[in-house]
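Asks: Just passing along the structure, written as structure tokens.
The values are calculated or read from the model by the stated rules, or taken from the named source; none is laboratory data. What you are looking at is a predicted structure, and each value in this text was computed from that prediction instead of being measured. All Cβ positions, even for glycine, are placed from backbone atoms using ideal geometry, and neighbour counts span all protein chains on display. Areas reflect the complete protein model, heavy atoms only, side chains present, ligands, DNA and RNA absent. Shrake-Rupley method; radii C 1.70, N 1.55, O 1.52, S 1.80 Å.
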Amino acid sequence: MDVFYTKIKTERRKEKYNLEHSTGLYILNYAANNFYNINNTEIEIVNRKPKFKYSEKQFNISHSHNIVAVCFDVAPVGIDVGYLRVRDIK
């Protein structure tokens, strides 16, 4: 599995989701073109999971708390970005 990720910075809460989403798609297209020679990155949904329409390469995108990650593999793959914080359980 190959993982590409980045951290973004925005102070505007309303723009955060759109920026994370757009960054995920940018990383997906950039990696597909430059690392896997996938020129047509058209996406279709099969069994409720996104996949490239013209490639067998599998991918998954996740974003949360200003972190965006995209993973690729030859088998079905998934990634989940989460945020850990210290909790006072008392």
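Asks: Among the residues of the stretch 8-21, is there at least one that is touching a Pro at 6+ places or on another chain (Cβ under 8 Å), open to solvent by less than 60 Å² (accessible area, probe 1.4 Å) and either not aromatic (Phe, Trp, Tyr) or not in a strand (DSSP E or B) (or both)?
Replies: No, that holds for no residue.
Asks: Kindly list, by first and then second residue, each pair from a residue in the stretch 1-24 that is more than 17 Å from Asn60 (Cα to Cα) to a residue that is part of a helix (DSSP H, G or I), limited to pairs with Cβ atoms under 9 Å and residues at least 6 apart or on different chains.
Replies: From the stretch 1-24, the pairs are Ile8/Lys16; Ile8/Leu19; Ile8/Glu20; Ile8/Thr23; Thr10/Lys16; Thr10/Leu19; Thr10/Glu20; Arg12/Leu19.
Asks: Then there is this: Check Tyr54 against each of (1) open to solvent by 70 Å² or more (accessible area, probe 1.4 Å); (2) hydroxyl-bearing (Ser, Thr, Tyr); (3) in contact with a helix residue (DSSP H, G or I) (Cβ under 7 Å, 6 or more places away or on another chain) and name the one condition it does not meet.
Replies: Every condition holds for Tyr54 apart from (3).
Asks: For the stretch 51-90, enumerate the residues that are of a type in the set (D, E, K, R) and under 22 Å from Asn34 (Cα atoms).
Replies: If the condition is that a residue be of a type in the set (D, E, K, R) and under 22 Å from Asn34 (Cα atoms), then Lys51, Lys53, Glu56, Lys57, Asp73 are the ones that fit.
Asks: Quick one: would you say Asn47 is at positive phi and exposed (fewer than 11 other Cβ atoms within 10 Å of the Cβ)?
Replies: Spelling it out, Asn47 is indeed at positive phi and exposed (fewer than 11 other Cβ atoms within 10 Å of the Cβ).
Asks: Criterion first (open to solvent by less than 50 Å² (accessible area, probe 1.4 Å), of a type outside the set (Phe, Trp, Tyr) and under 21 Å from Lys9 (Cβ atoms)) does Val77 satisfy it?
Replies: Criteria not met by Val77.
Asks: While we're here: Would you point out which residue out of Glu11, Glu15, Glu56, Glu20 is acidic (Asp, Glu), over 15 Å from the mean Cα position of the chain (by Cα) and modelled with pLDDT of 90 or more?
Replies: Exactly one residue qualifies, and that residue is Glu56.
Asks: Continuing with the same structure: Considering only the stretch 32-90, state which residues are acidic (Asp, Glu) and in a loop (DSSP other than H, G, I, E, B).
Replies: Matches in the stretch 32-90: Glu42, Glu56, Asp80, Asp88.
Asks: Still on this structure: Which residue pairs have Cβ atoms closer than 9 Å, lie 6 or more positions apart in sequence or on different chains, and pair a first residue in the stretch 52-68 that is over 16 Å from Tyr26 (Cα atoms) with a second residue that is open to solvent by 20 Å² or more (accessible area, probe 1.4 Å) and polar (S, T, N, Q)?
Replies: Here the result reads Lys53/Asn40; Lys53/Thr41; Tyr54/Asn39; Tyr54/Asn40; Tyr54/Thr41; Ser55/Asn40; Ser55/Thr41, each pair linking the stretch 52-68 to a residue that is open to solvent by 20 Å² or more (accessible area, probe 1.4 Å) and polar (S, T, N, Q).
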